[in-house]
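*Asks:* Below you will find the structure I want to go over with you.
The values are calculated or read from the model by the stated rules, or taken from the named source; none is laboratory data. Since the model is a prediction, treat every value here as computed from it, not as a measurement. Glycine gets a Cβ as well: all are built from the backbone with ideal geometry, and neighbour counts include every protein chain shown.
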């Protein structure tokens, strides 16, 4: 299985997320993550989809089927261009007096941030690529991860040309 | 022009050239129906919303225009679902306008509320929920544009009840501006040049005609290309009629119940030119061994169809209205004598067709269903429209009804919807009032929307309903006979319902034919008579549809019929 990050520009209209999500599920496409948000243009939403496919052909199916949706304006496979990919994670970890210093050490090594502290836990924020986030989760596992929230990957191409002009 | 939302809907329909609406009123569309009443907008009241949507579908298939449906919220809209899915998979242009509960009630599980956009998203080309009257003209304009352009399909517009009553200063947009959809599908000349090169090198090419040829009205081009090449041709169910039955080299229906020669030609050809088709499992047989010796060329407007089921060696994108004229021009300019080049191949497949036509064993003691359909076909003119339901009778109709032109043979191909036939025939007759319309159905299918006989009666819609009455769900029974040890599990219809009396009770004439000679003595007269009628024809129960490619087998692994002849 190979992963690709698709930037999908869609009309910012009610129902568009249903159309995209419905298509992905009924065509039985494997997606790793999906996230959506506003863009520099108020009437355009950008949906970032990480798909995992067996073949070029399956990837083409995903792109062509998404392309048929009326409210999809543009699809660019950012994994095929020079691009920067990031994901945000919030991790809530058990932190006793004894373990707190170790956790802070780990956080510093990963250049993550502690964004909340209580007597029993800390909440850590990290932005990075998927492998870095996975690595932090692995290291923190021994302290006891209470819960994790991840955004899924988003990406921008490098250089001045935006996806809408590609 | 100041008006309410309901008037704005009807005014928009007028601007789109809509001649008639099929529908059924209810609470959420009362305002719409009140304006329809005042405006005297042509409307056919069916007896079930499913009837309305299949009727609009039949209308669209017969005429090539967009079929329009009205239904109320909740159950009204939900009753459209089968019909919308039927239209979607066969790429039929529809605009379905459903009432939704009023804005303040949306999302509260209100009376007769259903999430129509949520339900119809997987089975529509596009859908809208209109909550603001100011969106109505734009949405209607877009809906018709989306439904009829590109690969056609159904569009649902769900309108909140209060929107119909709200005031709007109506102006219909001149143009559609959709950033994600242009409705234009340019072709690729380089791909067509490659097709010409492949044809120059081919010895055994075959044309495969799909429903896209019907939808794009390019059958005249296909016929001319076929003649010019002297290459044989086969058809999908949806492509029947694009090449007239009886044309030199036309081998007929391919696939699960296709002709022997058609399926053998697919397995033997060295170049397969597929025109507007989607390689359904009913057409390919075992997909990995479909056309194993052929280079496959796929002419297709919908890019998502490329390589979906069968990988193409050459993809020719774009509308057939663009690609086929270009191909024809290049072939006609080519120095190659294609007719000479493909002559022996054409002779070979023609001989196969002559040796193994669709056949059956004629009987003296009973009416054979195939004989009945041949007779209906012989009594048809080029103008006749024949609709079918789904099952054995549908396949016999595809095999034995000689379709002569596109839009003559109306059938639910992709979804295989029993109950489609009667309302679709009704809609076809409304769209083509001057042409005879015959429905070929079965005793199973006809009951699924038999209430529409009342619609025929009340509106004087002249459809002749030919029921192939074998007292069983024939196709289910055939599979049970072949693969389930003759266990007729819930497929036998005891036949205590008198279909003749049912027809009469609904307000149309009913006849029963049981003797083979009645095909000569009574059928012609009934079919030629004025007004709707049901003709209940008793046929033997155990007749199989053959040839048949069993599931998972190659197209050349057909079970053949024992029949002697095709008269």
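*Asks:* Output yes when any residue across region A:27-39 is at the interface with chain B (Cβ under 10 Å from one of its Cβ atoms), without any contact (Cβ under 8 Å) to a residue 40 or more places away in the chain and either under 26 Å from residue B:312 (Cβ atoms) or not in a loop (DSSP other than H, G, I, E, B) (or both), and no when none is.
*Replies:* Quick first cut of region A:27-39, residues at the interface with chain B (Cβ under 10 Å from one of its Cβ atoms) only: A:27.
Then keep just the ones that are without any contact (Cβ under 8 Å) to a residue 40 or more places away in the chain; that gives A:27.
Filter once more, keeping what is either under 26 Å from residue B:312 (Cβ atoms) or not in a loop (DSSP other than H, G, I, E, B) (or both): A:27.
Yes: region A:27-39 contains one or more residues that are at the interface with chain B (Cβ under 10 Å from one of its Cβ atoms), without any contact (Cβ under 8 Å) to a residue 40 or more places away in the chain and either under 26 Å from residue B:312 (Cβ atoms) or not in a loop (DSSP other than H, G, I, E, B) (or both).
*Asks:* Quick one: which strands (runs of 3 or more DSSP E) sit completely within region B:450-567 and have at least 1 residues that are without any contact (Cβ under 8 Å) to a residue 40 or more places away in the chain and under 30 Å from residue B:355 (Cα atoms)? I'd like the intermediate steps shown before the answer.
*Replies:* Details: elements: B:463-469, B:509-513, B:533-538.
Per the criteria, no element qualifies.
*Asks:* Residue by residue through region B:213-243, note down the ones that are outside any helix (DSSP H, G or I), on the phi < 0 side of the Ramachandran plot and surrounded by fewer than 20 Cβ atoms within 10 Å (Cβ to Cβ).
*Replies:* Matches in region B:213-243: none.
*Asks:* Please state which one of A:5, A:9 is more than 12 Å from chain B (Cβ to nearest Cβ) and modelled with pLDDT of 90 or more. Full working, then the answer.
*Replies:* Working: A:9 fails: more than 12 Å from chain B (Cβ to nearest Cβ).
Among A:5, A:9, only A:5 is more than 12 Å from chain B (Cβ to nearest Cβ) and modelled with pLDDT of 90 or more.
*Asks:* Kindly evaluate residue B:121 against the criterion of being in contact with a strand residue (DSSP E or B) (Cβ under 8 Å, 6 or more places away or on another chain) and within 14 Å of another protein chain (Cβ to nearest Cβ). Quick ask: steps written out before the conclusion?
*Replies:* Numbers: in contact with a strand residue (DSSP E or B) (Cβ under 8 Å, 6 or more places away or on another chain): yes; within 14 Å of another protein chain (Cβ to nearest Cβ): yes.
Judged against the criteria, residue B:121 is a match.
*Asks:* Could you grab me the full set of residues in region A:14-26 that are surrounded by 14 or more Cβ atoms within 10 Å (Cβ to Cβ) and either farther than 22 Å from residue A:88 by Cα or touching a residue at least 24 places away in the same chain (Cβ under 8 Å) (or both)? Break it down stepwise before answering.
*Replies:* First pass over region A:14-26, keeping only residues surrounded by 14 or more Cβ atoms within 10 Å (Cβ to Cβ): A:15-24.
Correct list: A:15, A:16, A:17, A:18, A:19, A:20, A:22, A:23, A:24.
*Asks:* Looking at (1) surrounded by fewer than 21 Cβ atoms within 10 Å (Cβ to Cβ); (2) touching a residue at least 60 places away in the same chain (Cβ under 8 Å), can you tell me which one residue B:136 breaks?
*Replies:* (1)
*Asks:* Is it the case that region B:394-413 has a residue that's over 18 Å from the mean Cα position of the chain (by Cα), more than 22 Å from residue B:548 (Cα to Cα) and in a loop (DSSP other than H, G, I, E, B)? Reasoning before the result, please.
*Replies:* In the first step, residues of region B:394-413 are kept if they are over 18 Å from the mean Cα position of the chain (by Cα); the result is none.
So far as region B:394-413 goes, no, none of its residues is over 18 Å from the mean Cα position of the chain (by Cα), more than 22 Å from residue B:548 (Cα to Cα) and in a loop (DSSP other than H, G, I, E, B).
*Asks:* Among the residues in region B:48-60, are any assigned to a loop (DSSP other than H, G, I, E, B) and more than 12 Å from chain A (Cβ to nearest Cβ)? Explain how you work it out, then say what you get.
*Replies:* From region B:48-60, those assigned to a loop (DSSP other than H, G, I, E, B) are B:48; that's our starting set.
Then drop every residue that is not more than 12 Å from chain A (Cβ to nearest Cβ), which leaves B:48.
Within region B:48-60, one or more residues are assigned to a loop (DSSP other than H, G, I, E, B) and more than 12 Å from chain A (Cβ to nearest Cβ).
*Asks:* Can you name the condition, by its number, that residue A:47 falls short on among (1) within 13 Å of chain B (Cβ to nearest Cβ); (2) on the phi > 0 side of the Ramachandran plot?
*Replies:* Single failed check for residue A:47: (2).
*Asks:* Just give me the residues in region A:143-166 being assigned to a helix (DSSP H, G or I) and modelled with pLDDT of 95 or more, in sequence order.
*Replies:* Narrowing region A:143-166 to residues assigned to a helix (DSSP H, G or I): A:143, A:163-165.
Selection gives A:143 alone.
*Asks:* I want to confirm something. Restricting to region A:53-98 and keeping residues that are away from chain B (no Cβ under 14 Å), more than 22 Å from the chain's Cα centre (by Cα) and at pLDDT 95 or above, which single residue is surrounded by the most Cβ atoms within 10 Å (Cβ to Cβ)?
*Replies:* So the residue we want is A:95.
*Asks:* Additional query: Among the numbered criteria (1) in contact with a strand residue (DSSP E or B) (Cβ under 8 Å, 6 or more places away or on another chain); (2) surrounded by fewer than 24 Cβ atoms within 10 Å (Cβ to Cβ); (3) within 17 Å of residue B:474 (Cβ to Cβ), which one does residue B:388 miss?
*Replies:* Among (1) in contact with a strand residue (DSSP E or B) (Cβ under 8 Å, 6 or more places away or on another chain); (2) surrounded by fewer than 24 Cβ atoms within 10 Å (Cβ to Cβ); (3) within 17 Å of residue B:474 (Cβ to Cβ), residue B:388 violates only (2).
*Asks:* I'm trying to understand the selection: among the residues of region A:12-26, which are assigned to a loop (DSSP other than H, G, I, E, B) and at the interface with chain B (Cβ under 7 Å from one of its Cβ atoms)?
*Replies:* Listed by number, the residues that qualify are A:14, A:15.
*Asks:* In addition: Only one of these conditions is not met by residue A:144: (1) without any contact (Cβ under 8 Å) to a residue 40 or more places away in the chain; (2) within 15 Å of residue A:100 (Cα to Cα); (3) touching a strand residue (DSSP E or B) at 6+ places or on another chain (Cβ under 8 Å). Which number is it?
*Replies:* (1)
*Asks:* What's the total number of residues in region B:20-47 that are more than 18 Å from residue B:111 (Cβ to Cβ), assigned to a loop (DSSP other than H, G, I, E, B) and touching a strand residue (DSSP E or B) at 6+ places or on another chain (Cβ under 9 Å)?
*Replies:* Qualifying residue count, region B:20-47: 4.
*Asks:* How about region B:125-212: which strands (runs of 3 or more DSSP E) wholly inside it have at least 3 residues that are within 14 Å of chain A (Cβ to nearest Cβ), in contact with a strand residue (DSSP E or B) (Cβ under 9 Å, 6 or more places away or on another chain) and at pLDDT 95 or above? Step through it out loud before you land on a result.
*Replies:* Working: elements: B:126-130, B:154-160, B:167-169, B:205-209.
In region B:125-212, the matching strands (runs of 3 or more DSSP E) lie at B:126-130, B:154-160.
*Asks:* Taking the condition of being touching a strand residue (DSSP E or B) at 6+ places or on another chain (Cβ under 7 Å) and farther than 18 Å from residue A:110 by Cβ, how many residues in region A:79-93 meet it? Please lay out each step first, then the result.
*Replies:* Just the residues of region A:79-93 that are touching a strand residue (DSSP E or B) at 6+ places or on another chain (Cβ under 7 Å), to begin with: A:79, A:81-93.
Add one more test, that the residue is farther than 18 Å from residue A:110 by Cβ, and what stays is A:79, A:81-84.
Of the residues in that region, 5 qualify.
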